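Have a look at the structure below, then the notes.
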Amino acid sequence: MKIIVFIRQIVNPQVKLQGVDYFDTSRISEDDLIINPFDKNALEGALKLKDSESAEVTAICVGGIKPSKAVREAIAMGCNDAVEVVDDNYYLEDPMILAKIYSKIVEKIGDVDLIFTGCEEQSSSSYAVPAMLAELLDIPSVLYAEEIEKTVDRFRISHVLEGGRKIVEMPMRGLISCTDSQYFVPRYTSMRGILTSKRAQIPQWSNEDLKLDEATVCENAASLTVSSFSNIVIEKDSYILKEEEPDEMVDKLLAKLKEDNIKLGV
Amino acid sequence: MKILVFAQIRDDKIEENTLGILNKVNEVFKDSEISASLFGSNIKEEWIKQLGVHGAKKVYTIDVPELEYYLSRPNVKALSKVIDEIQPTIIIAAGTVYGEDLLPRVAIRRGVSCAQRITDITKEGEEILFYTPVRDDQAMKVQKITGDIKFVTTRTGAFFVNENPTGEEPEVISVDITFEEKDLLVKHVEIKKAEVTVNLKDAKVIVAGGRGVGGKDQFAILKELASILGGQIGATRACTDMNWVEETYEIGQTGQSVSPDVYIAAGISGAPQHISGIKAKTLIAINTDEGAAIFNYADYGIIGDLHIILPLLKQKISD
Ligand SMILES: Cc1cc2nc3c(=O)[nH]c(=O)nc-3n(C[C@H](O)[C@H](O)[C@H](O)COP(=O)(O)OP(=O)(O)OC[C@H]3O[C@@H](n4cnc5c(N)ncnc54)[C@H](O)[C@@H]3O)c2cc1C
Ligand SMILES: Nc1ncnc2c1ncn2[C@@H]1O[C@H](COP(=O)(O)O)[C@@H](O)[C@H]1O
């Protein structure tokens with residue numbers, strides 16, 4: 001079983017970009033760069049199948065400030081190999097273009113059984129890539145998966161639904177987008193994994209390798225374009241207590257609530 | 001200009017966000033022709049009427065057994081068919097799990113993209129702009145869609161339902177469709193919903209717990225505190241996922257929307273999917289991690305262990 005996981009490197013949402021030009025990433029340090037959290041869930045989903053079905057798992061990262069960090073982490077978690085795809089002419093803000101690039105990657109790798117993605121990207125998400133990719137490849141797909149169970153020849157997948165969950169069955173070739181449910185809680189990297197990842201040869205592909213018609217993946221081809229980004233400043237005058245005895249903090253909180261005329265009970 | 005709203009059903013009613021969208025597009029695109037599509041098996045008269053009352057002039061129905069439960073492929077085919085018929089400029093749906101699944105699929109089949117999870121649309125002259133909050137709501141992304149056909153989904157809760165709608169009975173157009181085996185590769189098995197239902201909408205105080213609570217039994221302290229305060233408990237999806245509490249207590253994008261006076265969030269990280277369901281006058285957060293996003297929204301907070309803080313809080317309030 002051959003599996004591809006698409007991972008994206010993002011700036012940790014805990015890093016406040018407020019007051020900074022949104023595209024000015026010069027103040028970002030390597031520590032601030034993380035694998036998109038849902039994509040680590042996707043890696044976990046694939047690695048579970050590596051453990052149980054001896055699947056072969058390849059992680060793919062397109063773009064990113066320092067993609068080598070992301071793909072090495074993916075290998076450290078247990079992926080067999082990884083590929084970085086970088087081409088300055090690619091316009092990565094439009095999910096349709098991303099989907100075109102991914103479908104070409106899937107084609108180049110060949111014989112892929114399953115594709116795992118995160119259910120959404122937590123940076124400037126388009127929330128649309130997995131659905132579009134499944135359509136372009138014309139393969140069965142289930143989005144927002146919370147649990148995967150293998151039956152004889154199919155997957156039984158439980159996915160998010162308003163007010164509950166829904167269970168569907170999918171053939172064993174297709175695409176699954178993963179949430180951060182308990183089932184997908186990502187494993188830690190192991191010492192051995194880290195050593196393997198340090199030694200790993202990571203191919204870097206550009207459009208020379210993918211041979212997409214540039215005119216279809218550059219900014220001019222985009223149907224969705226960003227006309228501006230602006231910060232939403234959530235500047236709350238919050239009263240946050242820390243590093244005191246619990247007893248004192250609770251007393252202070254209750255006193256402050258009283259002072260501010262906030263009734264706790266009804 | 002023609003606009004098509006993909007209507008959705010939830011709990012045997014037209015889903016609220018669909019009505020909110022009808023209201024919004026009627027407001028922003030005054031002189032446009034607004035239609036709705038309605039798919040299912042045994043579509044009810046009253047749903048069609050309701051769409052009309054809220055501003056749909058025409059309702060395109062496809063009523064077949066294959067559309068009883070949402071599945072991507074059959075819906076892609078159905079919506080594509082209605083689009084062929086109407087040739088709308090804007091196709092818009094509520095960004096529920098189904099809406100966000102469907103529209104990008106139909107869009108890319110027409111060679112265009114889709115703007116998802118918007119919280120606003122504006123029209124200035126010929127230019128239509130779509131607004132999506134990103135990066136855990138820290139920034140607003142404003143986008144344009146080029147071309148004559150624009151696919152859009154909205155963030156749930158973004159638009160108000162008109163309380164006094166004045167629309168009329170819509171024209172109903174029934175559309176035929178047939179499916180092939182390859183449209184039905186993914187199969188519906190079952191839907192699991194909570195057996196008990198609790199209405200958290202009217203709760204004045206909610207003591208909500210997240211993964212940090214640590215287990216089913218540990219929810220006891222939240223229940224005790226809620227009961228002393230005359231409120232209800234609530235939970236994140238992480239807790240319902242692990243069966244620590246019933247699904248009905250889930251708050252957020254796919255759970256209930258609440259607007260209490262006081263919301264105590266204990267062991268909750270503050271994921272956007274959770275936060276989007278809360279409109280509290282006062283939010284109090286208790287979390288061991290100072291960097292947790294919940295503190296961006298909190299009015300009051302304690303950085304500490306909920307297993308120590310909540311019992312103290314309970315004891316001091318009871319005294
Ligand atoms: C399509 C979709 C829809 C979703 N809809 C919803 C929804 O409607 N509602 C919802 O809630 N989620 C929803 N989710 C899930 C959401 O993404 C998050 O997984 C979820 O909200 C996280 O829950 P949490 O904060 O409890 O868990 P975590 O993110 O794991 O946070 C746990 C927190 O507890 C803290 N903690 C740990 N131990 C302690 C302690 N002893 N004392 C104090 N603090 C402690 C940690 O520091 C951490 O911040 C949805 C996801 C998807 C993909
Ligand atoms: N540049 C990228 N490289 C690799 N995977 C990506 C990239 N962008 C998006 N993805 C994948 O697509 C998912 C959904 O992204 P989005 O639709 O933008 O929210 C992510 O969780 C990733 O799995």
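Structure data summary
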{"quantity": "Choice from B:GLY291, B:GLY270, B:GLY40 showing the highest fluctuation, given a GNM over chain B with Cα pairs closer than 10 Å", "calculated": "B:GLY291"}
{"quantity": "Over chain A, relative contact order from alpha-carbon pairs under 8 Å, at least 6 apart, %", "calculated": "23"}
{"quantity": "FRET efficiency, A:GLN182 to B:GLU169 (Cβ-Cβ, R0 45 Å, nearest 0.05)", "calculated": "0.40"}
{"quantity": "Fewest-first sequence of B:MET140, A:MET170, A:MET191 by Cβ atoms within 10 Å of each Cβ", "calculated": "A:MET191, B:MET140, A:MET170"}
{"quantity": "Too-long pairs where the Cα-Cα distance tops 24 Å, listed order kept, from A:LYS242/B:LYS316; A:LYS50/B:LYS216; A:LYS40/A:LYS150; B:LYS2/B:LYS123", "calculated": "A:LYS50/B:LYS216"}
{"quantity": "Chain B, relative contact order [Cα under 8 Å, separation at least 6], %", "calculated": "14"}
{"quantity": "Rule-of-thumb Rg ratio for the protein assembly as shown [Cα; 2.2 N^0.38 Å; N residues]", "calculated": "0.97"}
{"quantity": "Surrounding net charge for B:ALA194, when Lys and Arg each add one and Asp and Glu each subtract one, Cβ distance under 9 Å", "calculated": "-2"}
{"quantity": "Cα→Cβ-extended label distance, 7 Å offset, between B:SER41 and B:ILE317, nm", "calculated": "4.7"}
{"quantity": "Between region B:6-76 and region B:90-162, the alpha-carbon center distance in angstrom", "calculated": "17"}
{"quantity": "Kirkwood Rh in Å, taken over all unlike Cα pairs in region B:2-184", "calculated": "16.4"}
{"quantity": "A:GLU30/A:THR216 FRET efficiency (R0 41 Å; Cβ-Cβ; nearest 0.05)", "calculated": "0.80"}
{"quantity": "At 1.567 mPa s and 4 °C, Stokes D of region B:205-318 from Kirkwood alpha-carbon radius, µm² per second", "calculated": "96"}
{"quantity": "Calculated on alpha-carbon atoms, Rg and Dmax of region B:33-123 in Å", "calculated": "13.2, 39"}
{"quantity": "Sum of side-chain charges, B:THR282 neighbourhood, beta-carbon under 12 Å (Lys, Arg +1; Asp, Glu -1)", "calculated": "+3"}
{"quantity": "Spin-label pair A:ASP247/A:ILE262, simplified geometry with 7 Å Cα→Cβ offset, distance in nm", "calculated": "2.5"}
{"quantity": "Residue exposure sequence - A:ARG192, A:ARG154 - by fewest surrounding Cβ within 10 Å", "calculated": "A:ARG192, A:ARG154"}
{"quantity": "Calculated from backbone phi, Karplus (6.51, -1.76, 1.60) coupling profile of region A:208-222 in Hz, x at Gly/Pro", "calculated": "4, 8, 7, 6, 7, 5, 3, 4, 9, 10, 8, 4, 5, 7, 5"}
{"quantity": "Estimated translational D of chain B in µm²/s (Stokes, Kirkwood radius over Cα pairs; 37 °C; 0.692 mPa s)", "calculated": "154"}
{"quantity": "Extension gain from B:LYS13 to B:GLU246, taking 0.36 nm per residue of separation minus the Cα-Cα distance", "calculated": "81.6 nm"}
{"quantity": "Average Cα contact separation per residue, region B:168-297, under 8 Å, 6 or more apart, as relative contact order %", "calculated": "23"}
{"quantity": "Residue of A:SER125, A:SER141, A:SER230 that the Gaussian network model of chain A assigns the largest fluctuation, springs spanning Cα pairs under 10 Å", "calculated": "A:SER230"}
{"quantity": "Choice from B:ILE275, B:ILE177, B:ILE90 with maximal GNM fluctuation in chain B (Cα, 10 Å cutoff)", "calculated": "B:ILE177"}
{"quantity": "Gap separating the Cα centres of region A:159-176 and region B:249-298, nearest whole Å", "calculated": "27"}
{"quantity": "Exposure proxy ranking, count of Cβ atoms within 10 Å, fewest first, for B:TRP47, A:TRP205", "calculated": "A:TRP205, B:TRP47"}
{"quantity": "Total formal charge among the other residues, if their Cβ is under 9 angstrom from that of A:TRP205, Lys/Arg +1 and Asp/Glu -1", "calculated": "-3"}
{"quantity": "Selection of GluC sites (Glu not before Pro), region B:178-240, meeting DSSP coil and at most 16 other Cβ within 10 Å", "calculated": "B:GLU180, B:GLU195"}
{"quantity": "Two-decimal ratio, region A:2-221, of alpha-carbon radius of gyration to 2.2 N^0.38 Å", "calculated": "0.99"}
{"quantity": "Loop-located chymotrypsin sites (Phe, Trp or Tyr not before Pro) in region B:152-254 whose Cβ has at most 12 other Cβ within 10 Å (DSSP)", "calculated": "B:PHE160"}
{"quantity": "Net charge dipole size for the protein assembly as shown [Lys, Arg +1 and Asp, Glu -1 on Cβ; Debye, nearest 20]", "calculated": "460"}
{"quantity": "Separation of the B:LYS192 and A:THR151 label points, Cα + 7 Å toward Cβ, nm", "calculated": "1.5"}
{"quantity": "Within 10 Å of each Cβ in B:101-112, the average number of Cβ atoms from other chains", "calculated": "6"}
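Read the figures in this text as sums done on the coordinates, not as results from a lab. Just so you know, these numbers come straight off a predicted model, no measurement behind them. Here the Cβ is made from the backbone with ideal geometry for all residues, glycine too, and neighbour counts use every protein chain on show.
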